[in-house]
Structures are given as structure tokens and as C-alpha cells.
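Accompanying notes for the structure given below.
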Amino acid sequence: MPRIAVLSSSVADQIAAGEVVERPASVVKELVENALDAGAGTIEVVVEDGGRVLIRVSDDGCGMDRDDALLALERHATSKIRRSEDLVGVPTFGFRGEALPAICSVSQLELTTSAEDGAGTVLRAAGGTVLDVRDAARRRGTTVGVARLFYNVPARQKFLRSARSEWRGISEAITTVALTRRDVRFAVSHDGRTALALPPASSLRARVGALWNARYAEGLLEVDDVAGETCTSGLVERPADVGTSTRRIYLSVNGRAVRDNGIVRSAEAAYRSTIPAGVRPSLFLDLIVPADMVDVNVHPAKAEVRFRDRWAMERAVEGAVRRALGTIESAPSLGVRYWPAPAPGAAPAAVDVEVLQAPPVSRDGLFAATPGGLSPAAAELARAAAASVGPAQAEVPELAIPPLLQLRRTYVMFERDEGVVLIDQHSAHERVLYEQFMRQLEGGETPSQRLLFPLTLHLGPAEGDALDEHRAALERLGFEIEGFGGHTLVVQSVPLPHPRFDAERCLRDTLAALSGARAAGAASRHERLAATVACKAAIKAGDALSLAEMRALFVALSGTTLPAHDVHGRSTIVQLSWAELERRFGRQ
Ligand SMILES: Nc1ncnc2c1ncn2[C@@H]1O[C@H](COP(=O)(O)OP(=O)(O)O)[C@@H](O)[C@H]1O
Ligand SMILES: [Mg+2]
């Protein structure tokens, strides 16, 4: 007796359904995508009992005539592609012609559709078999009702979760589409109650506001960036807000919602040094790439894509998010102003030269924080100020530094338009040094101080290995190190971030910290090294600062890209607003 037999088409459909139709949420996703592919402007979704009793999706799209409606339930029947080449850059969500037959094979389905107002068709099917076809009056558009999902596959039915959990999946599926197709109106109800009413939205921010709340949406930072062939736009969470509410991750590539851990990780990498390890930001990112750079046909539910040049994509996303974070809380959050404004194109490097050189130790002394002048962000600010004033009054710019006061040898206090501001001196200096060290590691100038009496250090084996691994980078930071054989070394030059700097201790602590860490990519290795050395090298709480030192710290901090955050993601700046003070004094 032969042991192999070709499966009947109904069994084959049920097997295929296992891939496409996992849960009620996948039915909703497929039906909503079909409605979008049909050009719908409004989509209505009715769900009962978490989708286990009924899922009904209605649209005002192009509809189908009778022949097409019958064909739509056949396997591999699609209006969306004809040849395999059409798959490249396919603009529709669907293209396999699998969803309707798969859903139909495991439910009782009613398809009502009309290609023009009035004359329509209603078609009933159960378990993949068409039961009857009749005329129906319907406006242009399509309604697909799916009742009793998995009624004929008890094994699958058993795996359905509670109505609540299935409903959560459905609302997540709709949220995902609603974020990518913001032009479409969505009305969703569950067990007779309105769950979502989303009018067409003019922007991602508006849609996020309608889905959650407007305040949440307003708190997000805009991403808008082009790098190479990748265009990245969207909204991301401010570092200060990360971890304070539910984490939300939504990603689309060429208008298609996808999951992609690599892209998420690159976006998160942009936050490194602004948020504590372990908390993760919310991200809403839309990527546009040339059609031939992605393959959309690699996942049964089309939830993942494959990139031709993943590395370039990930770099682009990381850069885009990093630039978005760089736009916040840069110099203006210190209330820094430049006047008079510099001439356009004039080097703004002359900012408070006297202060930068004031401390007791030459130009490498405290806060030689901006080798080669201002950081790009501060220079940009100066340029912008120049542009707004015009060339007539142009002179050498000067940073307006408010009167500064040190408190408890720990904080530097000053006033600005909005209120009283406190800077944590250690965190702030750490941020300044971190950015300086990163520039040095990426090839910038390396200021260092040659020691009159070279240091001799004896290292343990783990520290010795850490030194071997990081030697070149440490030299870029200003440590000139000579081997002495074995694990004894002689240090000829050291960085000199401030007069109280203890080079030996810094080097030892840094090597100890690095010897415990596991290997990482070059970029993050640099970040870790810069953060570690910055932490060890920065002035400490308890160090008394002279006025000149406080002023230099203020100038240097205002020149960093993220002055409000230290390298561990904690705050460096705390503001007490005048309004808050007035409230406390009962003046309001
Ligand atoms: N809501 C709808 N409005 C108009 N046509 C539809 C709708 N849903 C399905 N169709 C038609 O039925 C075909 C089969 O749908 P489906 O099985 O989801 O496959 P695919 O979307 O991959 O083409 C589609 O190609 C389309 O022509
Ligand atoms: Mg489809």
C-alpha cells in the first residue's frame, strides 16, 4: 500500500492557515491590510469576545465584482502581483493571495462586497467551502465577517487565550497599522463598546496623540534625517522620560510595519551615555529605503524584512536618533547667550579665553575642555545667533556667564530667566570630559602634560591585559606609556583635566574597571573607555572650586551636546522654576 498521498486542498489550506492565521490578531491584521490595499479611507473593525466569536472588518475601498469575490477565496489568487519580479518594491501589504483562503478554511466567513454602489455580492463559506452566493445591496467597499475562528480545528481552538489577552493582541495589531497609515480613519469596537476612534491624522505626532494622549505625544522628540540612501523619521523618547512610562516600539520600513531587533538596538545605542543601563526608550521610527534594498517576502506574516546592507541601515538609524537627541537641552538649557554675535564665518573660538586659561596650570589646566575651540553644537549656536543679528554689529562673541556660587563644594548655582539652576559639578565635568575624550579618540588633538617625574606602576595580570587591549586608545587620551617588561610600566605623560587630578589613581581605576568588562565593538569600546576615564578624571564632589574654575566649567558644559545628562544618564542640571518658588512662598 502506498504510504504517500497528496493532501486534499482543504487540509492543505488548514496547514497553510497555521502560518498566516495564528490568532485573532493575525486575522484582523490581514483583513485591515486588505482594506488598505483596496484604497480604503475609513476602516471599521468590530470584535466580539476577543475575536473568538466575531471579527468584522468593513472598508470603503474599491470592492470586488462577483467573479473576483469568488476567486479571492482561492489559494494564490491575488490582484496584486503577476510575476515574481513584481515582488521588488511591491507597494501593497498583500501579495501572496493566501490570507482569505487561509482564514476561510478555519472559520465561518461572510464576504459582502461591491465594486460600485448598489450592486453587490454576498458570499457565505464555512471551513473553506462556499455555501451560497447571492445579490446584496451595498455601497462600494467590502465587509469581511469571520465567525467562530478555528471552530473546525479543535487543536487550534484550545490554544486561544482569554478574550482579554486576544483582544490585547488585536488592539496592538490595529495600533501598529494605524501608526503607519495615518491618513486613514479607524473605528474599532469591542463587545459593543468603542475602543478606538481615530480621525485621519496630519502627522505621526497627531496619531500618537490620538492613540495615547496629546501630552505624551508632545513630549517626544522629532527624528528627521537622511544618511546615504536611508531616510529616518519619527519620534523618540527624551532621555529624561525613558523608563517613566510603558515602553513602545514601532518600526516601519517603506510604509510596512516590521519588527527588527537590529534596528531597535542601533536606535538604543544612540542613547548610550544619556540613560542608565537597563532602561530602554520608546521609539516610533519610519524608514524609507530604495525598494531593492529590502526583501519583504521572508516571513509568513510579513512581520520581518531582510536588508541588503543591514550595517549601513543600522548606522543611519543610530546617527539619526543621536542627532535628534543632540537637538535637546544643548547650550540653551544653561541659558547661555552669545553677544555681541560673531561675524558670519568668524571663528567663535575666542569665547572667554581668559577664563579658559586662568587656572594655575598652563593651557592644560582645569577645563582645557574644548581643545580646538568650541564643540560643534556651541559653534552652531554662535553661528545661528550671528545669522539672526546680521553682520553690521558683528564683533568677537562673548559668552554671557551669570554670577556663579558653589554650594556644599558639590553644586554650582546660578539664576537664569526661568528659575534657579543647580549643576552637579562632578556629573557636569564628567560629561565635559567624556565628550572631549570621544573627540580625541576619533582623531582630535590630544592635550597632555609631560611629567617631571615619570610614574612607575606595577599591574596585576588582568589590568596588564586591559592595558594591552586599550593601550593605543589610552595614548589618544594623553597617557604616554612605556612598557618596562612584564607588567611594570612607566607613564611619561598624562592628561591634565584639572589641578587636583590624580593620574596614577585614574589609570589604575580605569584599568581595573576595563579588565572586568567583556569585549565589544570598536565604537562602544571607545564610549566605554571615554566614560570610564571621564568618571575617574572628573573633579569630585567635595572639591572646592575657584570662581574661575566654576566659570570654566559653565562654559565647557554649555559647549557639550548633552549638558543635562551625565555619562550614566543621571541629571547634571536641576532647575527650580520661579513659578515653583512662588507657589511655595504662597505668592501665587
Ligand atoms: N477588502 C478588500 N477589498 C477589495 N479587494 C479585496 C479585499 N480583500 C481581498 N481582496 C481581493 O482578494 C485578493 C486576495 O486577498 P488575500 O487572500 O488577502 O491575498 P493578497 O492580499 O495577498 O492578494 C486580493 O488580491 C484582492 O484582490
Ligand atoms: Mg491580503
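Among the numbered criteria (1) without any contact (Cβ under 8 Å) to a residue 60 or more places away in the chain; (2) part of a helix (DSSP H, G or I), which single criterion is violated by residue 197?
Result: residue 197 passes all but (2).
Could we say that residue 137 is open to solvent by less than 60 Å² (accessible area, probe 1.4 Å) and either of a type outside the set (Ser, Thr, Tyr) or out of contact with any Ser or Thr (no Cβ under 9 Å at 6 or more places or on another chain) (or both) here?
Numbers: open to solvent by less than 60 Å² (accessible area, probe 1.4 Å): no; either of a type outside the set (Ser, Thr, Tyr) or out of contact with any Ser or Thr (no Cβ under 9 Å at 6 or more places or on another chain) (or both): yes.
No.
All but one of (1) away from ligand 2 (no atom under 15 Å from the Cβ); (2) in contact with a strand residue (DSSP E or B) (Cβ under 7 Å, 6 or more places away or on another chain); (3) not hydrophobic (A, V, I, L, M, F, W, C) hold for residue 61, so report the exception by its number.
Status for residue 61: all satisfied but (1).
If you go through the stretch 250-270 one residue at a time, how many are within 25 Å of residue 32 (Cα to Cα) and buried (at least 18 other Cβ atoms within 10 Å of the Cβ)?
Within the stretch 250-270, residues that are within 25 Å of residue 32 (Cα to Cα) and buried (at least 18 other Cβ atoms within 10 Å of the Cβ) number 9.
From 462, 503, grab the single residue that is aliphatic (A, V, I, L, M), out of contact with any Gly (no Cβ under 6 Å at 6 or more places or on another chain) and buried (at least 19 other Cβ atoms within 10 Å of the Cβ).
Working: 462 fails: buried (at least 19 other Cβ atoms within 10 Å of the Cβ).
Of the residues listed, the single one that is aliphatic (A, V, I, L, M), out of contact with any Gly (no Cβ under 6 Å at 6 or more places or on another chain) and buried (at least 19 other Cβ atoms within 10 Å of the Cβ) is 503.
What number of residues within the stretch 84-100 satisfy the criterion of being within 6 Å of ligand 1 (Cβ to nearest atom) and over 33 Å from the mean Cα position of the chain (by Cα)? Lay out the reasoning, then the answer.
From the stretch 84-100, those within 6 Å of ligand 1 (Cβ to nearest atom) are 94-100; that's our starting set.
With over 33 Å from the mean Cα position of the chain (by Cα) added as a condition, the list becomes 97-98, 100.
Number of matching residues: 3.
Applying the selection to the stretch 140-151, what residues are open to solvent by 50 Å² or more (accessible area, probe 1.4 Å) and in contact (Cβ under 8 Å) with a residue 60 or more places away in the chain? Give the derivation first.
Kept after step one, since they are open to solvent by 50 Å² or more (accessible area, probe 1.4 Å), are these residues of the stretch 140-151: 140, 148, 151.
Passing the criteria: 140, 148.
Restrict the check to the stretch 204-217 and report whether at least one residue is closer than 29 Å to residue 279 by Cα, outside any helix (DSSP H, G or I), at pLDDT below 95 and of a type in the set (A, V, I, L, M).
No: the stretch 204-217 contains no residue that is closer than 29 Å to residue 279 by Cα, outside any helix (DSSP H, G or I), at pLDDT below 95 and of a type in the set (A, V, I, L, M).
Look at the stretch 427-459 and say how many of its residues are open to solvent by less than 50 Å² (accessible area, probe 1.4 Å) and farther than 17 Å from residue 481 by Cβ.
Of the residues in the stretch 427-459, 12 are open to solvent by less than 50 Å² (accessible area, probe 1.4 Å) and farther than 17 Å from residue 481 by Cβ.
Wholly within the stretch 1-113, which helices (runs of 4 or more DSSP H) include no fewer than the required count, namely at least 1 residues that are open to solvent by 70 Å² or more (accessible area, probe 1.4 Å) and touching a residue at least 60 places away in the same chain (Cβ under 8 Å)? Give the steps one after another, and end with the answer.
Numbers: elements: 9-20, 24-37, 66-72, 99-105.
Qualifying helices (runs of 4 or more DSSP H): 9-20, 66-72.
Quickly run through the stretch 44-83 and pick out the residues that are more than 26 Å from residue 199 (Cα to Cα), of a type outside the set (A, V, I, L, M, F, W, C) and under 34 Å from the mean Cα position of the chain (by Cα).
Listed by number, the list holds a single entry, 80.
From 513, 541, grab the single residue that is small (Gly, Ala, Ser) and touching a residue at least 24 places away in the same chain (Cβ under 8 Å).
Being small (Gly, Ala, Ser) and touching a residue at least 24 places away in the same chain (Cβ under 8 Å) holds for just one of 513, 541, which is 541.
The values are calculated or read from the model by the stated rules, or taken from the named source; none is laboratory data. Just so you know, these numbers come straight off a predicted model, no measurement behind them. Positions of Cβ are generated from backbone atoms using ideal geometry, with glycine treated the same way; all protein chains shown enter the neighbour counts. All accessible areas refer to the heavy atoms of the entire protein, side chains included, with ligands and DNA or RNA removed. Shrake-Rupley method; radii C 1.70, N 1.55, O 1.52, S 1.80 Å.
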